[in-house]
Amino acid sequence: MRVLLIGRNAGFIKKCSVIDPEVEVFIIEEPDILRKLKEFSSPNIKEIAEVKYHDSEEYMSIVKEWGQKYRFDLVVPGFEYSVKAANESAKYLNLPRIGDRGAAVFTNKVKLRDLCAEAGIPHPRYKKITSIEELREFYNGSPIVFKPANRQASIGVIRINTEEEIASAYKETLNGESEVLIPDREIPCEYIAEDLVVGYEVSVECFVRNCKIIFINYTMQDGTVGRYFIEVGHEVPGNIPSSVTDKLYQFKSRLVEAANVNTAILHSEWKIEEGEPILIECAARMPGDYIPKLISNAYEFDVHTAYINILRNKDPHINNKHKNYILIQYFQSKPGRLKEINNLEIFDELGDKLIEYSITVQPGNDVPELTSSWKRVGYFIIKDQSHEALRKLAEKINDTVEFVMDITTGVS
């Protein structure tokens with residue numbers, strides 16, 4: 001198997017080597033990003049081309065050069081920012097791909113909103129924002145959300161409740177945190193404002209093959225309440241009424257058709273307001289936050305392997321009926337200097353109900369305010385035989401594990 005990977009995603013390289021120990025992986029990555037990523041080596045990496053693909057067509061010269069030398073079996077977008085380049089590369093190599101319209105709308109929230117309006121998919125009132133004056137004009141007295149339109153994760157996504165908050169929110173979003181997956185050169189950023197949608201949040205993950213949905217999952221999401229929008233938990237499959245999942249399937253199918261999606265994995269986020277789904281955003285890449293691991297454990301098939309097989313026209317061996325209930329929750333700690341973490345021995349008592357846990361801070365570390373998903377301090381993943389048992393177990397863990405902060409020392 002020979003893979004063209006746009007964006008050096010170590011997880012995909014590992015998965016490919018499990019499927020085929022002799023796999024050859026050719027990687028295209030931006031020089032700046034490669035420098036910022038954690039070091040990773042594998043005997044399966046045959047060549048890495050350091051070339052621009054963010055808002056650039058420079059990478060296509062490498063694709064054409066390699067395409068003349070080798071026969072590739074699939075093209076994989078390693079990250080959200082490489083979806084467009086992966087689509088163009090697969091088009092040139094005549095391999096399965098999402099399609100031009102899908103690559104465009106699922107990497108830009110303004111274009112996605114325009115598509116929703118065209119296709120009759122419920123979405124909030126919105127406007128592309130190019131100045132603070134436009135943001136002030138959009139605000140109508142009710143809470144709104146201001147965020148980048150062509151960036152990922154929760155960086156720069158801010159809730160605005162009052163007119164007095166507009167100036168600070170505008171400044172904070174435009175001066176957003178730097179991202180590892182963005183090159184150091186200036187990449188144009190677009191912005192969007194939209195009405196805040198009140199309701200519980202779900203995500204929908206699906207595989208699309210030859211324009212048809214062949215697998216779909218509904219995830220219940222838990223998020224923070226306040227100025228920032230950070231996800232702190234996911235349950236697979238979600239405890240969601242069938243009346244809602246039926247509508248989600250209908251609208252997701254309409255989205256696939258309207259965007260002319262051929263072959264892809266789609267991860268969309270929705271708010272459910274009075275039983276009605278409203279689309280918040282959709283990405284054409286593997287979901288984050290360990291959702292693939294949750295799905296893999298719930299349905300007992302490997303999501304990454306299935307995706308790779310779909311992209312190379314092989315049988316993905318998918319199970320469409322779940323066999324377990326899986327949940328991830330992120331630890332929530334107050335900001336400050338961490339003094340100690342107590343009662344971690346609870347994880348030794350969970351037996352096979354514990355899938356894994358990880359803590360990314362240690363005593364002496366400064367814990368920042370939770371303003372984006374990159375600042376979470378760790379997580380645990382558990383399984384059980386029902387939604388109720390799963391939530392009860394998670395509550396027990398959260399009540400037991402204690403992050404003790406040094407109240408005499410502030411964050412430096």
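Since every read-out is calculated from the coordinates, none of them should be taken as a lab result. Here the structure is a predicted model, which is why all the values come from computation and not from measurement. Using ideal geometry, Cβ is built from the backbone for each residue, glycine included, and neighbour counts are taken over all protein chains shown.
Considering only LEU181, LEU393, LEU327, the Gaussian network model of the chain with Cα springs below 10 Å gives its largest mean-square fluctuation to LEU393.
Nearest 500 deg cm²/dmol is fine: what mean residue ellipticity at 222 nm does the chain get from its DSSP H runs of n ≥ 4 alone, each adding -39,500 (n - 2.57), divided by its residue count? Write down the numbers at each step before the final one.
On the way: 12 runs with 119 residues, N = 412.
Result for the chain: -8500 deg cm²/dmol, rounded to the nearest 500.
Per residue, the average separation of C-alpha pairs within less than 8 Å and at least 6 apart gives the range 125-195 a relative contact order of 49 percent.
At q = 0.22 Å⁻¹ the log10 of I(q)/I(0) for the range 168-267 amounts to -1.17, computed by Debye summation with a single uniform scatterer per C-alpha, solvent ignored.
If you rank HIS267, HIS234, HIS387 by fewest surrounding Cβ atoms within 10 Å, what's the result?
Fewest-to-most ranking of HIS267, HIS234, HIS387: HIS387, HIS267, HIS234.
Packing here is the average count of other Cβ atoms within 10 Å per residue, and on that basis the peptides 276-289, 24-37, highest first, run 276-289, 24-37.
Using Cβ contacts closer than 10 Å as the measure, can you line up GLU300, GLU190, GLU235 from fewest to most? Please list the in-between numbers first.
Working: GLU300 12, GLU190 15, GLU235 24.
So the residues, fewest neighbours to most, are GLU300, GLU190, GLU235.
The order of the peptides 312-319, 217-224, 336-343 by mean Cβ neighbours within 10 Å, most packed first, is 217-224, 336-343, 312-319.
Could you tally the net charge around GLU118, taking each other residue with its Cβ under 14 Å from the Cβ of GLU118, Lys/Arg +1 and Asp/Glu -1?
Numbers: positive: ARG101, LYS111, ARG113, ARG254; negative: ASP114, GLU257.
Taking every other residue near GLU118 into account, the sum is +2.
Over the range 1-120, Cα pairs under 8 Å with separation of 6+ residues give a relative contact order of 25 percent.
Which peptide among 12-22, 191-201 comes first, and what is the full order, when sorted by highest mean count of other Cβ atoms within 10 Å?
Details: 12-22: 16.2, 191-201: 18.0.
Highest mean packing first, the order is 191-201, 12-22.
Ordered by the count of other Cβ atoms within 10 Å of each Cβ, fewest first, LEU390, LEU112, LEU354 give LEU354, LEU390, LEU112. Across the range 251-372, the mean sequence separation of Cα contacts (distance under 8 Å, 6 or more residues apart), normalised by length, yields a relative contact order of 17 percent. Across ALA90, ALA119, ALA298, mean-square fluctuation computed from a Gaussian network of the chain (C-alpha pairs under 10 Å connected) peaks at ALA119.
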